[in-house]
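To start, the structure itself, in structure tokens.
The values are calculated or read from the model by the stated rules, or taken from the named source; none is laboratory data. From a predicted model like this one, the values you see are computed outputs, not experimental measurements. Cβ placement follows ideal geometry from the backbone for every residue including glycine, while neighbour counts extend to all protein chains displayed.
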């Protein structure tokens with residue numbers, strides 16, 4: 001695929017957020033956006049991020065308001081450190097085990113945004129120890145006695161998210 005700005009072929013083109021999903025080299029679109037707030041191809045006005053406002057409601061300060069090429073690992077970490085649920089808006093290419101763990105420690109329910117290839121028993125235990133209800137996001141193939149036990153100890157109502165087998169197996173082993 002060629003970058004429409006420089007006309008050079010490139011593998012690392014990023015979509016810029018227009019409805020037509022046009023993609024460009026990061027350097028090319030950054031240079032373009034210094035002078036314009038529209039897509040170079042379809043001229044759709046693009047959203048931009050407001051770093052200046054302290055009011056999150058007013059400015060929409062969330063990763064979801066960034067354009068794809070604006071999101072860096074450092075920005076992701078900053079937002080996830082503030083709110084674990086921001087993991088939802090981190091591009092898959094930037095999700096790491098360390099970032100997912102940080103999100104889960106902030107908010108156990110962020111487990112629902114962890115990609116399957118990064119899911120580990122350790123992450124699941126961290127999630128359910130902070131919020132037992134996070135067990136509903138533990139994949140079946142990873143659900144163990146230990147995860148169920150920690151979830152129940154964290155929040156007894158988390159049992160409502162367990163299968164009958166998990167309930168019977170976990171409760172029996174906890175009681176005995």
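What are the residue pairs meeting all of these: first residue in segment 146-172, first residue within 17 Å of residue 122 (Cβ to Cβ), second residue modelled with pLDDT of 85 or more and loosely packed, with under 15 Cβ neighbours inside 10 Å, Cβ atoms under 9 Å, and 6 or more apart or on different chains? From residues that are within 17 Å of residue 122 (Cβ to Cβ), the pairs are 146/121; 147/121. Hey, any hits in segment 92-106 for a residue that's surrounded by fewer than 20 Cβ atoms within 10 Å (Cβ to Cβ), closer than 30 Å to residue 125 by Cα and modelled with pLDDT under 90? The answer is yes, given that some residue of segment 92-106 is surrounded by fewer than 20 Cβ atoms within 10 Å (Cβ to Cβ), closer than 30 Å to residue 125 by Cα and modelled with pLDDT under 90. Suppose the filter is modelled with pLDDT of 95 or more, assigned to a helix (DSSP H, G or I), surrounded by fewer than 18 Cβ atoms within 10 Å (Cβ to Cβ) and within 26 Å of the chain's Cα centre (by Cα); does residue 160 pass it? It is false that residue 160 is modelled with pLDDT of 95 or more, assigned to a helix (DSSP H, G or I), surrounded by fewer than 18 Cβ atoms within 10 Å (Cβ to Cβ) and within 26 Å of the chain's Cα centre (by Cα). Only one entry in 155, 107, 166 is in the same structural domain as residue 76 (by TED's automatic domain parsing) and in contact with a helix residue (DSSP H, G or I) (Cβ under 8 Å, 6 or more places away or on another chain), namely 107.
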